1. Hey, could you check region 65-79 for residues that are touching a residue at least 40 places away in the same chain (Cβ under 8 Å) and in contact with a Lys or Arg (Cβ under 9 Å, 6 or more places away or on another chain) and say which is most open to solvent (accessible area, probe 1.4 Å)?
2. Would you confirm whether any residue within region 2-22 is out of contact with any helix residue (DSSP H, G or I) (no Cβ under 8 Å at 6 or more places or on another chain), modelled with pLDDT of 90 or more and either under 21 Å from Tyr144 (Cα atoms) or open to solvent by 20 Å² or more (accessible area, probe 1.4 Å) (or both)?
3. Is it true that some residue in region 129-147 is over 17 Å from Gly76 (Cβ atoms), under 18 Å from the mean Cα position of the chain (by Cα) and touching a residue at least 60 places away in the same chain (Cβ under 8 Å)?
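The values are calculated or read from the model by the stated rules, or taken from the named source; none is laboratory data. Remember, it's a predicted structure, so these values are computed and weren't measured experimentally. Every residue, glycine among them, receives a Cβ derived from its backbone with ideal geometry; neighbour counts consider all protein chains shown. Areas reflect the complete protein model, heavy atoms only, side chains present, ligands, DNA and RNA absent. Shrake-Rupley method; radii C 1.70, N 1.55, O 1.52, S 1.80 Å.
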Amino acid sequence: MSLSGEKIILRALEPEDLNFLYQIENNESFWEVSHTQTPFSKYILKRYLENAHLDIYESKQLRLLIEEKSTRKQIGMIDLFDYNPQHKRAGVGILIHPDFEKNGFASEALSIIINYSFSHLQMHQLYANITSDNIKSLALFNKYNFIKTGVKKDWILSEGKFKDEVLFQLIKE
């Protein structure tokens, strides 16, 4: 299976993922990376899940749940967003629940999505936008040969302070 690794599986969202999605989307510590400012109701998230079957070509986004293989626990999500079929590119974002950090799950998820994007979706490039103080994410994307191609100064306002956002690109060779 192309979306399966050694320790994790990337899978489509299911109705049973509502509580996990609710917990993630309403965790204020994640709002900076998701550009969210208000909580989501279970009703809205349930409606989102009902439309999660739309493929990347229709919705221009693919959100996959990261599930630990051995326990079948939901541990995070990985997104392809702003998919542009004309230019064969998409943004990529990863979120791992704090209880499951430092287990290599983000690294494995990124590796799987890179492979999937370039081989199955025929993408030419992936990009990521990462705040300059997110040391873990900067290191992760560097590990997979994403190249820093720009800095957006004072791009994100977080807790009353502006942060720079770094643009990384990975172009298929």
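1. Here the answer is Ser70.
2. Start the filter on region 2-22 by keeping residues that are out of contact with any helix residue (DSSP H, G or I) (no Cβ under 8 Å at 6 or more places or on another chain), which leaves 9, 11-12, 16, 19-20.
If we keep only those that are modelled with pLDDT of 90 or more too, we end up with 9, 11.
Subset that is either under 21 Å from Tyr144 (Cα atoms) or open to solvent by 20 Å² or more (accessible area, probe 1.4 Å) (or both): 9, 11.
For region 2-22, residues out of contact with any helix residue (DSSP H, G or I) (no Cβ under 8 Å at 6 or more places or on another chain), modelled with pLDDT of 90 or more and either under 21 Å from Tyr144 (Cα atoms) or open to solvent by 20 Å² or more (accessible area, probe 1.4 Å) (or both): present.
3. Within region 129-147, one or more residues are over 17 Å from Gly76 (Cβ atoms), under 18 Å from the mean Cα position of the chain (by Cα) and touching a residue at least 60 places away in the same chain (Cβ under 8 Å).
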